[in-house]
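Trainee: Next up is a structure, given as structure tokens.
Just so you know, all these numbers are worked out from the coordinates, no wet-lab data involved. What you see is a predicted model; the values in this text were computed from it and never measured. FYI the Cβ positions are ideal-geometry reconstructions off the backbone, even for glycines, and counts take in every protein chain you see.
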Ligand SMILES: Cc1cc2nc3c(=O)[nH]c(=O)nc-3n(C[C@H](O)[C@H](O)[C@H](O)COP(=O)(O)OP(=O)(O)OC[C@H]3O[C@@H](n4cnc5c(N)ncnc54)[C@H](O)[C@@H]3O)c2cc1C
């Protein structure tokens, strides 16, 4: 199928892009890597009057570390994160999750921020940013605001981003505590979206879990932050019983549907098993000094 007709603009600067969005935000669609938007245009599920291509804006690609934060620019592609060996030493969940996304073609063009803004409940990055308690830097011509990952997803393919805003970066606080993460994904075949996936990040305080972050993929209307499960772990030694209880709470938070990928009951049980596995892997990495 061919897309409906649309105007196309590729501004040279962020300021110019924001000014276009201020005027035409309601009938425009931002395009970064185009890996989700172009299929939507072709299927005519999206028919914007204007496609605003931000793919070549300067200064928005790459990962920086400053003031205790990791800042992932909005044009950082999945492949950039997958291959970042330095990042793997501190936030191994990022290259690990990147490797699970789609196939090399999509990973070479698609961006982490684009995936998060697309807000597909089956998207992998949504759960990762929930587990990491990340923030999104949203910029409009009126200024900048930070949106917590937990406040970002409103429903399937819907976020709290305003039509005049562009996400310019994803920010993650870097902890001085021993920390580790893991992304566990079940897919029917290579490059498929998740049947179920789970993101886990822990910070340790000696033998106890100081903080745990858990995000669930493809088991609800949005990526889900498993808050009750996180609370089970906070301040506790991660014994088998504590981990099993956290995994049960995460499964209880999941709201999957029966579909061709499996029954709701099966998916809930995969959540339980993956949270157990993910926690053990993340804690092992934190204690072994590898993120
Ligand atoms: C064959 C195939 C397999 C896939 N498999 C997976 C998979 O296994 N797991 C997975 O998670 N995803 C998968 N995807 C989805 C895809 O990887 C991501 O959704 C995609 O990479 C999004 O990034 P993008 O830069 O291409 O965004 P685009 O397609 O350019 O944009 C997506 C949406 O986000 C908005 N947007 C993009 N960037 C910004 C920004 N900076 N600020 C504000 N709004 C913005 C756009 O307006 C649009 O609504 C797959 C896609 C394909 C085609």
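Trainee: Pull out the extension gain between residue 265 and residue 192, defined as 0.36 nm times the separation in residues minus the alpha carbon to alpha carbon distance; nm, one decimal.
Mentor: Value of the extension gain: 24.2 nm.
Trainee: How far is helix 14-24 tilted, in degrees, relative to the longest principal axis of the Cα atoms in the chain, given as a value from 0 to 90 rounded to the nearest 10?
Mentor: 70 degrees
Trainee: Still on this structure, I have one more. Determine the principal axes of the Cα atoms in the chain, then give the extent along each, sorted from largest to smallest and rounded to whole angstroms.
Mentor: The principal-axis extents, from largest down, are 57, 45, 31 Å.
Trainee: For helix 264-287, what angle does its Cα long axis make with the longest principal axis of the chain, in degrees from 0 to 90 and rounded to 10?
Mentor: With rounding to tens, the tilt is 80 degrees.
Trainee: Mean residue ellipticity at 222 nm from the helices of the chain, using -39,500 (n - 2.57) per DSSP H segment of n ≥ 4 over the full residue count, to the nearest 500 deg cm²/dmol?
Mentor: Helices in the chain give a 222 nm mean residue ellipticity of -10000 deg cm²/dmol.
Trainee: On to the next question. Hey, what D do you get for the range 179-283 in µm²/s if you plug the Kirkwood alpha-carbon radius into Stokes-Einstein at 4 °C and 1.567 mPa s?
Mentor: Roughly 96 µm²/s, to the nearest whole number.
Trainee: According to the Cα gyration tensor, what semi-axes, each the square root of 5 times an eigenvalue, does the equivalent ellipsoid of the range 7-53 have, listed from largest to smallest in whole Å? Intermediate values should be presented prior to the final figure.
Mentor: Numbers: eigenvalues 74, 28, 9 Å².
After scaling each eigenvalue by five and taking roots: 19, 12, 7 Å.
Trainee: Any idea what the relative contact order of the range 7-53 is, in percent, if you count C-alpha pairs under 8 Å spaced at least 6 apart? Please list the in-between numbers first.
Mentor: On the way: 43 pairs, mean separation 27.0, N = 47.
About 57 percent, as a whole number.
Trainee: Ranked highest first by the average count of other Cβ atoms within 10 Å around their residues, in what order do 126-132, 188-194 fall?
Mentor: Ranked by mean Cβ neighbours within 10 Å, highest first: 126-132, 188-194.
Trainee: Then there's this: Once the convex hull of the alpha carbons of the range 63-173 is built, what does its volume come to per residue, in cubic angstrom?
Mentor: Details: hull volume 10.6 nm³, N = 111.
Enclosed volume per residue, from the Cα hull, is 96 Å³.
Trainee: Just to be sure I understand: with springs between alpha-carbon atoms less than 10 Å apart, which residue in 195, 222, 13 has the highest mean-square fluctuation in the Gaussian network model of the chain?
Mentor: Residue with maximal mean-square fluctuation among 195, 222, 13: 13.
Trainee: How far is helix 240-253 tilted, in degrees, relative to the longest principal axis of the Cα atoms in the chain, given as a value from 0 to 90 rounded to the nearest 10?
Mentor: 40 degrees
Trainee: Who wins for biggest fluctuation among 264, 32, 226 in a Gaussian network model of the chain, springs between alpha carbons below 10 Å?
Mentor: Of 264, 32, 226, the most mobile in the Gaussian network model is 264.
Trainee: Does the range 1-117 come out rounded, prolate or oblate, given a ≥ b ≥ c as the square roots of the eigenvalues of its C-alpha gyration tensor, rounded meaning a/c under 1.5 and, failing that, prolate meaning a/b above b/c?
Mentor: Taking the square roots of the gyration eigenvalues as a ≥ b ≥ c, the range 1-117 is oblate.
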